[in-house]
Each structure stands twice: as C-alpha cells, then as structure tokens.
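Any read-out appearing in this document is the output of simple, stated calculations on the displayed coordinates, not a laboratory observation. Values in this document were obtained by computation on a predicted structure and should not be read as measured data. Here the Cβ positions follow ideal geometry from the backbone for every residue, glycine too, while neighbour counts run over all protein chains shown.
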Amino acid sequence: MDDTPTKLYILSSWLRRAGHRVVEATGGLEALGKVGELRPDLVVLDVRLPDMSGYEVCEQIKADPATSSIPVVQISGAAITPADRAEGLGRGADAYLTEPVEPDELTATVEATLRYYRARQRAERMTARLVILNEVTLAMNAAETFDMLLATAVEGASRILGRLAGALALPPDGRIRRYTAEPPTHAATARTGTADSLDRLSAMLPGSLAGTETSTITAADWLGLVPDSAAEEGAALVVCRTKSGRPAVCLGVEPAPPLAPDELNLLRQLGQALALAVDALRAYTEEHAIALTLQRSLLPARIPEIPGVEISWRYQPAADNVEVGGDFYEVLRLGERVLIGIGDVQGHSLHAATVMAELRHALRASLLGAVDLGASMALLNEVLRSYHPGMTATVCLILLDPVSGRAELANAGHIPPILVDPRGRARYHGLGDLLLGVSETSYRVDHLTIPEGGAVLMFTDGLIEDRDKLLDESLEIARRLAESAGEDLEPFCDRLLARFGAREDDVALVLFRRLAGVPGARDHR
C-alpha cells in the first residue's frame with residue numbers, strides 16, 4: 001500500500017521477483033477493503049497515505065478479529081526517527097523499515113515475518129484442532145450406543161481435518177457399522193457395509209497385533225471394499241486394535257491433499273480414542289447381557305397357572321446398571337391356595353443377587369409343611385441375621401384362597417400392596433413390620449378378603465423412587481394408575497412402567513386379580 005506510483009511499482013517488483021503474489025492499493029480505505037476481502041498473508045504498508053495514516057490502517061487491521069493475525073510491515077521515507085518507529089510498532093506493526101531500503105532487506109524482512117506468521121497459523125490451527133479432539137473424545141466416552149459413538153467419531157474427524165471422513169467397526173451384535181461425514185456440515189450419515197469389509201481391510205495391512213496401523217489405500221482397493229464411497233481417490237486410514245485378535249476399528253479420511261505429519265498424528269489419536277471407547281462400550285454391553293442373564297436365571301422360570309386367579313408380572317432392570325440386583329417375585333401353588341410374594345434385597349451386586357436367591361429358597365423350604373406366614377418371615381429374618389449380617393431386605397407375602405377370597409398378608413418393611421376393589425377404587429394396605437435383617441422380631445399376619453374382581457398390585461421401590469420427586473407423590477401416582485387397571489392386566493403393567501419411565505433401580509412388580517365364577521366359590525362365601 002503506497003500512494004506513490006514509482007515506489008509502489010518498485011516494491012511490488014521486488015516482492016514478485018522473490019516469488020510472492022502481490023495485490024496493490026494506493027489509499028488507506030482501499031487497502032482496508034482489500035485486506036477484508038482477500039485476507040492476505042502479509043501487508044506492506046506506507047506510513048504516509050493520502051486519506052489516513054498507515055498507523056491508523058494498521059490499528060484497524062489488528063483490531064478486527066478476522067484480520068488481527070495478519071502481519072504488517074510498515075515502511076516510510078519520511079517517518080524515520082526512533083520515535084516514528086516506536087509509534088509504528090506500538091500501534092501494531094510487526095516490522096518497521098525506513099527508506100532507503102535494499103531489495104534483499106525488504107524480502108528478508110518479509111520472509112522472516114511470514115515464517116513467524118505461518119508458525120503462528122500452524123500453532124493456532126493445531127490448538128483449535130486439539131480443542132475439537134478433546135471435545136470429540138469426551139463426547140465419544142459419553143456415547144450410550146455404538147451408533148452414537150461412531151457418528152461422533154466420524155463427525156469429529158471431518159471437523160478436525162476438514163475432509164470427507166468415514167468409520168468402520170463391528171459391535172458385539174455382529175452387524176457392521178459404517179458412517180461418513182464431510183464438510184461443510186460434518187453431519188454423520190449411516191452407510192451400508194458388508195460383514196467382511198473389516199476382515200478384508202485388515203488383510204491389506206501388515207499384522208493383526210494390538211496397536212495402531214496407518215496406511216493409504218488406493219482408489220481401486222478402497223472402492224472394492226466400499227463401492228458407494230465418495231472418496232474416489234482412496235483413503236488415508238488408521239486401523240486400531242486394543243487387544244490382539246479383536247475386531248479392528250477403522251477411521252479414515254480422503255487422502256488428497258496428503259496429510260501433514262501433525263494431521264496424521266491427530267487422526268491416529270482420534271482412532272485410538274475411538275478404539276478404546278468401542279472396547280469399553282463392548283465390554284459394558286457384554287457385562288450387562290451377562291448380568292441380565294444371571295438375574296433372570298435367579299427369578300422364577302415360569303409362573304404356574306392358578307384357577308380363579310389372573311396374574312401378570314414384570315421385571316425391569318435398571319437402565320444404566322451393569323450389576324445384578326436383589327429384586328424378586330415369587331408365585332407358588334400350595335394345594336388349593338397360592339402364595340404371591342415380592343421382595344428387594346439391599347444393594348446392587350452379585351452378593352445381593354445370591355442373598356436374594358437364598359431367601360427365595362429359604363421361603364420355599366419354610367412352606368413345605370404347615371404354612372405359617374409369620375414363621376416364614378421369622379425364618380427369612382434369621383437367615384439374614386445369621387449368614388449375612390449387615391444385609392437387609394424387604395418382603396411382602398400374600399397367601400390367597402382363590403375360591404373363598406380369604407387371604408393372609410405378612411409384610412416385612414416392604415411398600416404396602418395396593419388393593420383395588422371391583423369398582424376400581426384403590427387404596428394401600430396398612431404398613432407392615434420391621435424389615436428383615438435388623439433385629440429379632442415377630443411378624444404379624446393380617447387377614448383380609450379379596451372380592452371377586454378385586455385386584456392386588458405389589459411392586460418394589462425402584463418403580464417409584466426418584467431423586468427429584470417426593471416419595472408420597474410417586475406413591476399417589478401409582479395408586480391412581482391402579483384405579484385404571486381395567487380388565488386386562490398385561491397392558492396395565494406396560495402402562496405403569498411407561499408412566500415412570502427408565503429407572504435408576506431394578507423394578508419387580510406383580511399384579512393379580514381374583515376372577516369371578518370360580519367353581520365352588522359360592523359354597524365358601
């Protein structure tokens with residue numbers, strides 16, 4: 001920028017001969033317009049301009065966040081005193097030259113300033129990319145599904161490197177997942193993938209040990225793996241394994257222009273983070289499946305059919321808990337009567353599940369002779385206190401005669417069952433006795449009659465306990481819902497679970513109704 005044509009021509013010629021592309025301006029406002037439009041790598045600025053001083057132009061360039069990093073070299077044949085140079089540098093110039101200037105001095109100053117500028121650009125770009133890498137890694141670790149995880153990773157690769165990106169992985173369900181993302185939106189899109197694509201890709205690369213391998217796949221090989229790929233020039237890939245023999249995780253981008261070493265290193269870091277996140281999610285999924293299998297194996301394999309009684313039950317594990325819990329239900333046919341029970345052992349662990357199994361077996365053993373609910377509760381209490389001190393449990397038992405409707409109820413610290421009369425009115429039964437495992441005590445047995453068409457709802461506290469809601473409020477919600485149970489119990493159980501949503505604790509519930517028209521019922525009224 002210079003308003004003297006001869007000087008403008010000379011300076012421009014020197015810079016062009018040094019290999020630079022030069023855009024000229026003769027005034028401050030014109031110069032500011034071109035800087036904003038072109039975003040040049042460097043500005044050579046005369047101090048004395050006709051419309052505004054070079055100091056002011058420099059200040060405006062540095063004040064704009066979009067152009068503040070552009071280096072400015074000021075040059076003057078009039079403002080040559082130390083005070084002039086100090087003012088120029090103080091108001092934003094990166095270098096200050098006074099005339100006469102030799103060609104080599106100008107080009108050397110420009111080159112030195114550009115080296116600093118390019119180094120700063122690289123540092124700023126790397127910093128921005130590392131910030132995105134950190135954000136993406138955190139998001140990947142928070143992903144709850146494999147699809148969310150791969151979508152997050154591929155969007156991150158596209159954002160970090162500004163290229164078309166793709167990912168391939170094989171979750172435990174055996175269905176290959178493939179996602180792609182590309183600028184400018186970087187939005188992930190699910191793609192089809194063949195089950196053997198990862199195996200074929202691994203065969204193209206050396207070794208199958210744990211670690212990270214990098215490679216560039218030719219267009220022919222890449223399109224042979226994924227024919228619908230938009231990366232027509234092949235792919236620059238990182239293939240990661242956390243352990244030898246495990247399925248690889250592949251993350252790649254389009255290879256042109258070639259990746260710089262720091263870009264390849266970023267891709268490698270993201271690939272390693274993806275492999276670790278996939279492995280952690282795979283382990284969680286497998287452990288959760290094992291835990292659910294174990295939990296269900298400890299619950300009744302089937303519910304016996306009881307003439308005169310319709311029974312519906314549910315067991316819903318905690319949404320985010322990989323450990324097994326101690327919730328259980330029990331339905332036993334005892335001659336002409338039926339015992340229906342529900343309980344909850346303290347804690348979430350394998351120990352809680354084994355204690356739950358012991359209590360169920362102890363309960364069954366206590367019912368082999370004469371049935372006495374109070375004695376059964378006392379036995380369960382003694383089992384806990386003798387063999388598992390420090391553990392507690394709640395249990396509610398109902399012994400029902402379907403013909404007469406007469407019932408016995410014993411409750412050791414459990415949520416009272418909800419009694420629903422034939423007209424749909426619902427109420428909680430009275431509170432029970434002390435929970436099991438605390439101290440030696442006796443357990444009372446309440447006697448009640450369940451009318452024809454009457455129903456009883458029993459559930460564990462996992463259904464109604466919320467951190468942000470009062471327990472009484474949730475209990476009232478369950479009671480009101482019980483009034484709408486209707487004739488079909490199965491849909492009601494589904495509605496009840498749906499109303500409270502995903503739970504932080506396991507939920508067991510049993511809902512039963514005494515049917516009308518049971519043979520012999522008239523004789524026992």
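Cα axis of helix 471-482 to longest principal axis of the chain: angle in degrees, 0 to 90, nearest 10?
The angle comes out near 60 degrees.
For the stretch 5-122, what does the relative contact order come out to in percent, with C-alpha contacts under 8 Å and a separation of six or more? Before the final figure, lay out the partial values.
Details: 136 pairs, mean separation 26.5, N = 118.
Result for the stretch 5-122 is 22 percent.
Just need the Rg to Rh number for the stretch 300-524, please, alpha carbons only, Kirkwood Rh. Each step should come with its number before you reach the end.
Numbers: Rg = 16.8 Å, Rh = 17.7 Å.
Ratio of gyration radius to Kirkwood radius for the stretch 300-524: 0.95.
Suppose every Lys and Arg Cβ carries +1 and every Asp and Glu Cβ carries -1, with no other charges. What dipole size does the chain come out with about its Cα centre, to the nearest 20 debye?
Values: 52 positive and 73 negative charges, 204 e Å.
With only Lys, Arg, Asp and Glu charged at Cβ, the dipole is about 980 debye.
Within 10 Å, count the other beta carbons around each residue, average over each peptide in 333-339, 158-164, and list them highest first. Intermediate results must be reported in sequence, preceding the final value.
Working: 333-339: 15.1, 158-164: 21.0.
Ranking, from highest mean packing down: 158-164, 333-339.
For the stretch 1-45, what Kirkwood radius comes out of the mean inverse Cα-Cα distance, in Å? Don't jump to the answer; show the numbers that get you there.
Working: mean 1/r = 0.0926 Å⁻¹.
Kirkwood hydrodynamic radius for the stretch 1-45: 10.8 Å.
Calculate the all-directions average of the projected area of the stretch 5-122's alpha-carbon convex hull, and give it in nm². Write out the running numbers ahead of the final one.
Details: hull surface 27.3 nm².
Approximately 6.8 nm², given one-decimal rounding.
Fewest Cβ neighbours within 10 Å first, please rank VAL154, VAL238, VAL131 accordingly. Write down the numbers at each step before the final one.
Working: VAL154 31, VAL238 24, VAL131 11.
Taking fewest neighbouring Cβ atoms as first place, the list is VAL131, VAL238, VAL154.
Compute the acute angle (0 to 90°) between the alpha-carbon long axis of helix 489-500 and the principal axis of greatest extent of the alpha-carbon atoms of the chain; round to the nearest 10°.
Computed tilt is about 40 degrees.
How about LYS243: which aspartates and glutamates have a C-alpha closer than 14 Å to its C-alpha, ignoring those fewer than 8 places off in the same chain?
GLU213, ASP279
On a 0 to 90° scale, report how tilted helix 5-17 is relative to the longest principal axis of the chain, with both axes built from alpha carbons and the result rounded to the nearest 10.
Once rounded, one gets 60 degrees.
Could you pull out every one of the lysines with an alpha carbon less than 25 Å from that of LYS34, ignoring same-chain neighbours closer than 8 positions?
Partners found: LYS7, LYS62.
Taking 10 °C and 1.306 mPa s as the conditions, I'd like the Stokes-Einstein D for the chain in µm²/s, using the Kirkwood hydrodynamic radius from alpha carbon pairs. Working shown, then result.
Details: Rh = 29.9 Å.
After rounding, the answer is 53 µm²/s.
Tell me the relative contact order for the stretch 176-260 as a rounded percent, counting alpha carbon contacts under 8 Å between residues six or more apart.
Numbers: 121 pairs, mean separation 19.8, N = 85.
Taking the mean separation of contacting Cα pairs over the length of the stretch 176-260, I get 23 percent.
Of VAL403, ALA256, THR81, which is farthest towards the positive pole of the chain's charge dipole, taken about the Cα centre with +1 and -1 on the beta-carbons of Lys, Arg and Asp, Glu respectively?
VAL403
Per Stokes-Einstein, at 4 °C and 1.567 mPa s, what whole-number D in µm² s⁻¹ belongs to the stretch 143-289, with the Kirkwood radius over Cα pairs as the hydrodynamic radius? Walk me through the numbers before you get to the answer.
Working: Rh = 15.0 Å.
Calculated translational D: 86 µm²/s.
Considering the dipole of the stretch 143-289 built from charges on the beta carbon (Lys and Arg +1, Asp and Glu -1) around the Cα centre, which of THR152, SER244, ILE217 is farthest to its positive end?
Projecting each Cα onto the dipole axis, the largest value belongs to SER244.
Using the Cα centre as the reference, give the magnitude of the dipole from point charges on the C-beta atoms of the stretch 116-158 (Lys, Arg: +1; Asp, Glu: -1; all else neutral), rounded to the nearest 20 debye. Write down the numbers at each step before the final one.
Numbers: 5 positive and 5 negative charges, 109 e Å.
In total the dipole reaches around 520 debye.
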